[in-house]
1. For the range 1-93, please list each of the strands (runs of 3 or more DSSP E) lying entirely inside it that holds at least 3 residues being over 23 Å from Asp191 (Cα atoms) and at pLDDT 90 or above.
2. How many residues does the range 112-142 hold that are buried (at least 16 other Cβ atoms within 10 Å of the Cβ) and over 23 Å from Ala87 (Cβ atoms)?
3. If Trp95 passes every condition in (1) open to solvent by 20 Å² or more (accessible area, probe 1.4 Å); (2) more than 17 Å from the chain's Cα centre (by Cα); (3) of a type outside the set (Val, Ile, Thr); (4) closer than 16 Å to Thr42 by Cα but one, which one does it miss?
4. Which residues, counting only those in the range 160-205, are open to solvent by 10 Å² or more (accessible area, probe 1.4 Å), assigned to a helix (DSSP H, G or I) and not polar (S, T, N, Q)?
5. Taking the condition of being open to solvent by 40 Å² or more (accessible area, probe 1.4 Å) and small (Gly, Ala, Ser), how many residues in the range 147-159 meet it?
6. Hey, among Leu61, Leu17, Leu107, which residue is under 20 Å from Met151 (Cα atoms) and buried (at least 18 other Cβ atoms within 10 Å of the Cβ)?
7. List every residue pair whose Cβ atoms sit under 6 Å apart, with the two residues 6 or more apart in sequence or on different chains, where the first one lies in the range 165-185 and is under 16 Å from Glu144 (Cβ atoms) and the second, anywhere, is β-branched (Val, Ile, Thr) and assigned to a loop (DSSP other than H, G, I, E, B).
8. In this structure, does Pro130 turn out to be part of a strand (DSSP E or B) and without any contact (Cβ under 8 Å) to a residue 40 or more places away in the chain?
Amino acid sequence: MHDTLIIAGREFGSRLLLGTGKYDTFETMRDAVAASGTEIVTVAVRRIDFDAPGEDITSFLPEEVLLLPNTSGCETADEAVRSAKLARAGGLPDWVKLEVIPDPRYLLPDPIGTLEAAQTLVKDGFIVLPYIHADPVLAKRLEECGCATVMPLGSPIGSGRGIFTLEEIRIIIENANVPVVVDAGLGAPSDAALAMEAGADAVLVNTAIAQASDPVGMGEAFRLGVEAGRLAYLAGRIPKKLYANASSPTEGLIASSGTK
C-alpha cells in the first residue's frame, strides 16, 4: 500500500521523526536513527558548529534524511527567528521546527511568541513546523498563516508520561488540513501507536529512544509501533460499546437433541 507522509509537497515513507539530543554518543544516535527508519531528524541549531562542517553532530546523520533545524533554547519570537536564519545562512534547509519556550521548568511553548515567529518565518520563505500545546484554536491559526504542519504535545517534553491531551489532539486532527505530528512526552511505542490510531499523521520522539537502556532496540520498537498504529487507523477500529457482544453467532445454532 502506497501510504506516504507528505509535508510541504515532499513525500516521506516513514511517519516517525526523531530528535537527536540526549544520546550518550553520536554513534549510538546514528544507529538508533538507522533502526527507526526515520527520514526526518531534528537538530538544535545551537548544537551545530558552522565553523567546522563535518566535525559535529550532522556528520553522524545519514545523507538521505532531512535535517530539520529546530530553535530549541529560544525564549522569544525574535530569538527563534534569528536562530532559523542562522541555520539557513549556514547552509541548512529552509525547513525549521519552531520552538519558543520561555519556561525552563515545564518547557511549555509560548503560544503568542510561536504564532508571531511563525508568521515572520513563513513570510521569509521558511517551511515552518511549529511545536505547540494541544490548542485547537492556535493550531488553526498557525495553519492559516502558512505553517506546513502543527505539532501538538502529548505531555511535557522529556516526561515520558504519554498522551494526556488526546481529546484536544483529536479536535486538531479533525479540523486540520496540514499534517498533525504529535510531539513530546511519548514514553513507549504504545504511546506512538495510540497517536497514530487517533489519526495523527506522524509522531516525533527523542528522549524515549535516546535514554532507553537500548536506544537502537527502542528505535526499532517505535518504528513498529508507528507502523502498527497507522495500519490500525487505516483499517478502522470497531466502535466502543457499553455492553458485551458475543463474538460467536447466536442464530442458526445446532439445537441439543437431549438424547443419551
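1. Filter on the range 1-93 gives 66-70.
2. Here is the first cut: in the range 112-142, the residues buried (at least 16 other Cβ atoms within 10 Å of the Cβ) are 113-122, 126-136, 138-142.
Applying the additional criterion that residues be over 23 Å from Ala87 (Cβ atoms) yields 133-136, 138-141.
Residues flagged as buried (at least 16 other Cβ atoms within 10 Å of the Cβ) and over 23 Å from Ala87 (Cβ atoms) within the range 112-142 amount to 8.
3. Failing condition for Trp95: (2).
4. Answer for the range 160-205, where residues must be open to solvent by 10 Å² or more (accessible area, probe 1.4 Å), assigned to a helix (DSSP H, G or I) and not polar (S, T, N, Q): Leu166, Glu167, Glu168, Arg170, Ile171, Ile173, Glu174, Pro189, Asp191, Ala193, Leu194, Glu197.
5. So in the range 147-159, the residues open to solvent by 40 Å² or more (accessible area, probe 1.4 Å) come out as 157, 159.
With the extra rule that they be small (Gly, Ala, Ser), the set shrinks to 159.
Final tally of qualifying residues: 1.
6. Every option except Leu17 fails the conditions.
7. Going by the 6 Å Cβ cut-off, the qualifying pairs are Val178/Thr149; Pro179/Thr149.
8. Yes: the conditions hold for Pro130.
The values are calculated or read from the model by the stated rules, or taken from the named source; none is laboratory data. Bear in mind that the values here come from a model prediction, so they are computed numbers and not experimental data. Note: ideal-geometry Cβ built from the backbone for every residue, glycine included; neighbour counts use all protein chains shown. Calculation scope for accessible area: heavy atoms of the full protein, side chains included, ligands and nucleic acids excluded. Shrake-Rupley method; radii C 1.70, N 1.55, O 1.52, S 1.80 Å.
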